[in-house]
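One structure follows; several queries about it will come next.
The values are calculated or read from the model by the stated rules, or taken from the named source; none is laboratory data. The structure displayed is predicted, hence computed values, not measured ones. Reconstructed Cβ throughout: ideal geometry from the backbone, glycine too, with neighbour counts over all protein chains shown.
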Amino acid sequence: MRYLKRNLQHIKELKAIYETNKINIPLKKRDAVSVAITTLVYEQQSTMHQTKTNSIPDRIVSIHQRYVRPIVRGKEGKKVELGSKLQVPLHNGSTFLDKLSWNNFSEGTCLVASVEKYKGRFDIILPGYWHTKFIAQEKTGDD
């Protein structure tokens, strides 16, 4: 952390010198984005270290894929997974993507919207046809 802090400070100072002298900063856009993301990661890690916690909102776990978030699953062998979370309803062997998020969410909060999307999809094909019940997974500790 100390070395990263030092290096980020050097970059900040060099950037200030370039801007003061009205010289174009010789960084490719991709590299400038990497510096900005690295700065955010440093700030997040520093905050977690100071507060003695292992989590922080919108925690960045990959500099190259900053949208990826850790999702606590509670599964055996894997407490935390990285990647997207999906809400995918099934109907007669067909699947539909109702929600995709890189942040964790409870499927229960999306159920009503998912049922409305279902009605919109199939009311055209089967007018007036409506299921009397919808089945969803029970809420567990990792939802």
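Ile63 - would you say it is in the same structural domain as Leu4 (by TED's automatic domain parsing) and either within 25 Å of Lys5 (Cβ to Cβ) or modelled with pLDDT of 80 or more (or both)? Give the steps one after another, and end with the answer.
On the way: in the same structural domain as Leu4 (by TED's automatic domain parsing): yes; either within 25 Å of Lys5 (Cβ to Cβ) or modelled with pLDDT of 80 or more (or both): yes.
Yes: the conditions hold for Ile63.
Tell me which residues, restricted to the stretch 56-94, are surrounded by 11 or more Cβ atoms within 10 Å (Cβ to Cβ), within 30 Å of Leu111 (Cα to Cα) and of a type in the set (S, T, N, Q).
Gln65, Ser84, Gln87
Then there is this: Tally time: how many residues in the stretch 25-60 are outside any loop (DSSP other than H, G, I, E, B) and either closer than 19 Å to Lys12 by Cβ or of a type outside the set (A, V, I, L, M, F, W, C) (or both)? Before the answer, list the steps.
Going through the stretch 25-60, the residues outside any loop (DSSP other than H, G, I, E, B) turn out to be 29-51.
Pick out the ones that are also either closer than 19 Å to Lys12 by Cβ or of a type outside the set (A, V, I, L, M, F, W, C) (or both) and you get 29-47, 49-51.
Number of matching residues: 22.
Return only the number of the condition from (1) touching a residue at least 12 places away in the same chain (Cβ under 8 Å); (2) under 25 Å from Leu100 (Cβ atoms) that Glu81 does not satisfy.
So the condition that Glu81 fails would be (1).
Something else about it: Every residue in the stretch 95-107 that is out of contact with any Leu (no Cβ under 6 Å at 6 or more places or on another chain) and within 21 Å of Lys79 (Cα to Cα), please. So that I can check it myself, show each step before the final result.
Start the filter on the stretch 95-107 by keeping residues that are out of contact with any Leu (no Cβ under 6 Å at 6 or more places or on another chain), which leaves 95-99, 101-107.
Correct list: Ser101, Trp102, Asn103, Asn104, Phe105, Ser106, Glu107.
Moving to a separate point now. When the residues of the stretch 84-111 are filtered to those that are touching a residue at least 24 places away in the same chain (Cβ under 8 Å) and among the hydrophobic types (A, V, I, L, M, F, W, C), which remaining residue is nearest to Pro57 (Cα to Cα)? First the steps, then the outcome.
Within the stretch 84-111, the first condition is being touching a residue at least 24 places away in the same chain (Cβ under 8 Å), and the residues that meet it are 87, 89, 91, 96, 102-104, 106-108, 111.
This time we only want the ones that are among the hydrophobic types (A, V, I, L, M, F, W, C), so: 96, 102, 111.
Working: Phe96: 29, Trp102: 12, Leu111: 24 Å.
Only one residue fits best here, namely Trp102.
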